[in-house]
């Protein structure tokens, strides 16, 4: 068995576990996709096709659901998702400077928003519903209020330090 075949078998075995948990029910497509994405950080095309076949759905239907909901990602994302609010309140308080600082620090762009090491993904969102503490950045599930370019660089540095410590302890 080649390395690629082994990785595919592993990928599909986890997907099978998730679908089994949901009794291979087409009615559970969204929770299945959510769990698959939680496992792999995105929804690979070959996995979407496998899910469609396994649930007796058309690949177009599964793809349609995956592209309809903004929560789902069809491209790999980093371990740390940095969401920067660029809604009115945040924009007025210079969220664009935070976005520029992140792009420069991580060497990412609008088109290539994930770092080569798959550690970070930058996303700009319309509103995080935290206008009173603008500008706001959310890293994974942690809210960072009153953000500045300096503070975001410190937060990124702390993540790098944590990752280095974790790497050394493994």
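Here are some notes:
- Scoring 160-168, 32-40 by mean Cβ neighbours within 10 Å over their residues and listing the highest first yields 32-40, 160-168.
- Look at where the Cα atoms of region 129-170 and of region 85-105 average out, and the two centres are 14 Å apart.
- Mean residue ellipticity (222 nm) of the chain, computed from DSSP H runs ≥ 4 via -39,500 (n - 2.57), nearest 500: -16500 deg cm²/dmol
- With neighbour counts taken as other beta-carbon atoms within 10 Å, the residues 68, 12, 120 rank, fewest first, as 68, 12, 120.
- Counting neighbouring Cβ atoms within 10 Å and putting the fewest first, the residues 125, 15, 136, 92 line up as 92, 125, 15, 136.
- Simple label model, 7 Å out from Cα along Cβ direction - residue 154 to residue 17, nm: 4.0 nm
- The candidate values are (1) 147; (2) 120; (3) 108; the one derived from this structure for volume of the Cα convex hull per residue in Å³ carries the label (1).
- Counted by neighbouring Cβ atoms within 10 Å, the residues 54, 95, 13 run from fewest to most as 13, 54, 95.
- Extended-chain gain in nm, criterion 0.36 nm per residue less alpha-carbon gap, residue 97 and residue 68: 7.4 nm
- Per residue, the average separation of C-alpha pairs within less than 8 Å and at least 6 apart gives the chain a relative contact order of 18 percent.
Bear in mind these aren't lab numbers, they're just calculated from the coordinates by the rules spelled out. Owing to the predicted nature of the structure, the values given are computational and were not obtained by experimental measurement. Note that we place each Cβ from the backbone using ideal geometry, even for glycine, and neighbour counts take in every protein chain shown.
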